[in-house]
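*Asks:* Below: one structure in structure tokens.
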Protein chains: 2
Amino acid sequence: MKIDPDDQKTSESIRQLMDNVAIVLVGPKYPENIGAAARIAANMGINQLIVVSDEPFDQERMSKTATHHNSRLIDTMQMYADIGKALATFNWVVGTSARQGRQRRLLTSPRRMVADLLPKLAENQVALLFGPEDCGLTNDQLKFCNSVACIPTADFASINLAQAVAILSYELYTGVVQFQSESAGKSSAKLAQSGELEGMYDQIELTLHKMDFLKEMDYGYWMHNIRNFLGRVGLRSREVKFVRGFCRQVVSLAKEKDA
Amino acid sequence: MKIDPDDQKTSESIRQLMDNVAIVLVGPKYPENIGAAARIAANMGINQLIVVSDEPFDQERMSKTATHHNSRLIDTMQMYADIGKALATFNWVVGTSARQGRQRRLLTSPRRMVADLLPKLAENQVALLFGPEDCGLTNDQLKFCNSVACIPTADFASINLAQAVAILSYELYTGVVQFQSESAGKSSAKLAQSGELEGMYDQIELTLHKMDFLKEMDYGYWMHNIRNFLGRVGLRSREVKFVRGFCRQVVSLAKEKDA
């Protein structure tokens, strides 16, 4: 088969974009599901797998469902006990949720999530976050997310973990292929890392406390809201520094008042 | 929760469209894959499962991966030894293929297949056809198909059977939901009005000035940035009020300092 040099260049840039994506499984219960997730992720061009868990998993049971062809994702899999550490260097974190409860952050569809993500992908490390089989991500885990995708279902039932990974990875891969063929080389902005955002949120909460801005019971609600709207923005490092500098100055004003 | 009669009507017409769809597994090898396919099909609103095979399958192994909630598709599953008989009453048959060989019929993507199918769905019985785990549909089996969808992959490897069912069912279900909602009334989150945003931006700029936060020449640059990132968020009224309340308190702190 003759290969068109333009096609080859497109394939290479698709590969480069997909290299910026990691699947992060938080607290999975069954090694078979990790293997099945690794297989479909590899099918869709994803090369990084991270598991957040205290316990090691049976290598053989993982590799069996991953199949020989795709076991490299299992071989290079990273394990973390702490979700914050696992995500610290990522610039954009997408959560997944089956539920649409009141307390949930504004949910988006997988397709809109991908459309929003594509312009950022060239310059940023992206994590797709999946919760445990039985209960999904907790609100505390969803706090790390810049956006949360909900796979629409007809029966409101939860989807098998590897199936959820399949649908999100498929949406992302097909989105990337289309994006590349439509726009050869548009640049995107480098976003702040998850660790920088967490530092900023801590400082905002501290600042609000120093100001006695809210009734004690309202801090949870408003920090949730602030994370929600600042998370969606896609802040850059210098914007995070701006917010933190602003908070520092507000705190010093509040101190002078008390002094 | 109050249910919007329009929403209810939309749900009902989505259900009616999905009732015209069947998953047809041709020669599957493992009962676990039939169960997993049944589960995700039910998740995506599909209520018919047909298996083309000479041999019966272990009910327990099928039901286990289907999960209790979705076992009705296993309970009502139809078996045929002959593919022609299995498909006889369908009006539109979509095949699936991983391969793009010379002998293959013109392939389409899952998304284009669905777009093509949607206008036909109200009036026609549709079958989505999947081949055995190891080799996919033969050319003889593909002959029954009106169109053949190929799931794009990065590595040209075959996808697990239930994952393929997941991706096609998901594409179809999301396509049907969008198709229905485009004709019915749409609702989305109510955002703050432009005037509210402008008031907020003015107050932020005033606040930064009162704090002597920036060098005079930098206000233009940073207000542009703040508008840029807060503008992207899609703030609601109560979030705008929160930001304005925060600014007011910061200004009063700054005044006390000067006083």
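Only the coordinates and a few stated rules stand behind these numbers; no lab work does. If you're wondering where the values come from, they're calculated on a predicted model, not measured in any experiment. All Cβ positions, glycine included, derive from the backbone under ideal geometry; neighbour counts span all protein chains shown.
*Asks:* Going Cα to Cα from A:Lys29, which lysines come in below 17 Å? Please leave out same-chain ones fewer than 8 positions away.
*Replies:* By straight Cα distance, A:Lys29 reaches A:Lys64, B:Lys64.
*Asks:* Now, a different point. Considering amide H positions built from the backbone, and no H for Pro or chain starts, which residues 5 or more places from B:Met44, or on another chain, come under 5 Å of its amide H?
*Replies:* Those qualifying (amide H under 5 Å, at least 5 residues apart or on another chain) are A:Ala154.
*Asks:* A further question on this structure: Using the scaling law 2.2 N^0.38 Å as the reference, what is the normalised Cα Rg of the protein assembly as shown?
*Replies:* Numbers: Rg = 25.8 Å, N = 518, 2.2 N^0.38 = 23.7 Å.
Here the Cα radius of gyration is 1.09 times the empirical estimate.
*Asks:* Relative to the other copies, what are the label-point distances for A:Asp218, with labels 7 Å from Cα along the C-beta vector, expressed in nm at one decimal and sorted shortest first?
*Replies:* 3.1
*Asks:* Where the label is 7 Å out from Cα toward Cβ, how close does B:Arg248 come to the same position in every other copy, in nm, shortest first?
*Replies:* Shortest to longest, the spacings are 3.0 nm.
*Asks:* If a/c stays under 1.5 just call it rounded; otherwise compare a/b with b/c (prolate if a/b is bigger, oblate if not). Do that for segment B:187-230, with a ≥ b ≥ c from the square roots of the Cα gyration tensor eigenvalues. Write out the running numbers ahead of the final one.
*Replies:* Values: a/c = 3.73, a/b = 2.29, b/c = 1.63.
Cα axes put segment B:187-230 in the prolate bin.
*Asks:* Related question: Evaluate 2.2 N^0.38 Å with N set to the residue count of segment B:194-258, then give the Cα radius of gyration divided by it.
*Replies:* Details: Rg = 12.1 Å, N = 65, 2.2 N^0.38 = 10.7 Å.
Its radius of gyration relative to the 2.2 N^0.38 Å reference: 1.12.
*Asks:* How big is chain B by Rg and Dmax over its Cα atoms, in Å?
*Replies:* When restricted to Cα atoms, chain B yields Rg and Dmax of 27.7, 91 Å.
*Asks:* If one takes the longest principal axis of the Cα atoms in chain A, at what angle in degrees, from 0 to 90 and to the nearest 10, does the Cα axis of helix A:237-258 lie?
*Replies:* Relative to chain A, helix A:237-258 is tipped by roughly 20 degrees.
*Asks:* If you don't mind, another one. Using amide H atoms built in the peptide plane, which far-off residues or other-chain residues are under 5 Å from B:Ala22 H to H?
*Replies:* Those lying under 5 Å, H to H, from B:Ala22 are B:Val126, B:Ala127, B:Leu128.
*Asks:* A further question follows. Could you grab the relative contact order for chain A? Cα pairs under 8 Å, six or more apart, rounded to a whole percent. Walk me through the intermediate numbers first.
*Replies:* Values: 394 pairs, mean separation 57.0, N = 259.
This gives 22 percent for chain A.
*Asks:* Can you list the HN-Hα couplings for segment A:189-201, worked out from phi with the Karplus curve (6.51, -1.76, 1.60; θ = phi - 60°), rounded to whole Hz and with x for Gly and Pro?
*Replies:* Taking θ as phi minus 60°, the curve returns 7, 7, 9, 5, 7, 3, x, 5, 4, 4, x, 5, 4 Hz for segment A:189-201.
*Asks:* Something else now. Would you compute, from DSSP H runs of 4+ residues alone, the mean residue ellipticity of chain B at 222 nm, taking -39500 (n - 2.57) per run and dividing by the full residue count, rounded to the nearest 500?
*Replies:* Details: 11 runs with 137 residues, N = 259.
Roughly -16500 deg cm²/dmol at 222 nm, from the helical runs in chain B.
*Asks:* Here is a further query. Using the number of other C-beta atoms within 10 angstrom as an exposure proxy, rank B:Trp222, A:Trp92 with the fewest first.
*Replies:* Numbers: B:Trp222 17, A:Trp92 25.
In increasing order of surrounding Cβ atoms, one gets B:Trp222, A:Trp92.
*Asks:* Another question about this same structure. Under a Cβ-Cβ cut-off of 10 Å, what is the net charge of the residues other than B:Tyr30 that fall near it, where Lys and Arg count +1 and Asp and Glu count -1? Don't jump to the answer; show the numbers that get you there.
*Replies:* Values: positive: B:Lys29, B:Arg61; negative: B:Glu32, B:Asp58, B:Glu133.
So the environment of B:Tyr30 carries a net charge of -1.
*Asks:* To the nearest 10 degrees, how steep is helix A:31-43 against the longest Cα principal axis of chain A, on a 0 to 90 scale?
*Replies:* Once rounded, one gets 80 degrees.
*Asks:* Grab the alpha carbons of segment B:110-259, take their convex hull, and tell me the volume per residue in Å³.
*Replies:* Values: hull volume 29.9 nm³, N = 150.
It comes to 199 Å³ per residue, whole-number rounded.
*Asks:* Which whole number gives the average, over all residues in B:248-254, of C-beta atoms from other chains lying within 10 Å of the residue C-beta? Don't jump to the answer; show the numbers that get you there.
*Replies:* On the way: counts 0, 6, 8, 1, 3, 11, 5.
Average neighbour count from other chains, rounded to a whole number: 5.
*Asks:* Give me, ordered by chain and number, the residues 5 or more places off A:Arg236 or on other chains with an amide H under 5 Å from its own placed amide H.
*Replies:* A:Ala192
*Asks:* For A:Lys85, which lysines qualify as cross-link partners when the Cα separation must be under 19 Å and same-chain residues fewer than eight apart are set aside?
*Replies:* Within the straight-line limit of under 19 Å, A:Lys85 reaches these lysines: A:Lys143.
*Asks:* Then there's this: Around B:Asp155, under 12 Å between beta carbons, what's the net of Lys plus Arg minus Asp minus Glu among the other residues? Intermediate values should be presented prior to the final figure.
*Replies:* On the way: positive: A:Arg15, A:Arg39, A:Arg72; negative: none.
Counting the neighbours of B:Asp155, the net charge comes to +3.
*Asks:* Can I ask one more? Leaving out same-chain residues fewer than 8 places away, which lysines sit with a Cα under 18 Å from that of A:Lys120?
*Replies:* A:Lys186, A:Lys190
*Asks:* What gaps in nm, shortest first, separate A:Ser181 from its twins in the other copies when you place the label 7 Å past Cα toward the beta carbon?
*Replies:* Spacings between copies for this position, smallest first, are 2.6 nm.
*Asks:* Now a separate question. Counting only other residues whose beta carbon sits under 10 Å from that of A:Ile226, what net charge do I get with K and R as +1, D and E as -1? Write out the running numbers ahead of the final one.
*Replies:* Values: positive: A:Arg227; negative: A:Glu205, B:Glu239.
With Lys, Arg at +1 and Asp, Glu at -1, the neighbours total -1.
*Asks:* A further question on this structure: Give me B:Asp258, B:Asp19 sorted ascending by neighbouring Cβ count inside 10 Å, so fewest comes first. Before the final figure, lay out each step's value.
*Replies:* On the way: B:Asp258 6, B:Asp19 14.
Sorted ascending by nearby Cβ count, the order is B:Asp258, B:Asp19.
*Asks:* If you place +1 on the Cβ of every Lys and Arg and -1 on the Cβ of every Asp and Glu, how big does the dipole about the Cα centre of segment B:1-91 come out, in debye to the nearest 20?
*Replies:* Values: 9 positive and 12 negative charges, 22 e Å.
With Lys and Arg at +1 and Asp and Glu at -1, about 100 debye.
*Asks:* Can you put A:Thr65, B:Thr96 in order of Cβ neighbours within 10 angstrom, beginning with the fewest?
*Replies:* Listed from fewest to most nearby Cβ atoms, that is A:Thr65, B:Thr96.
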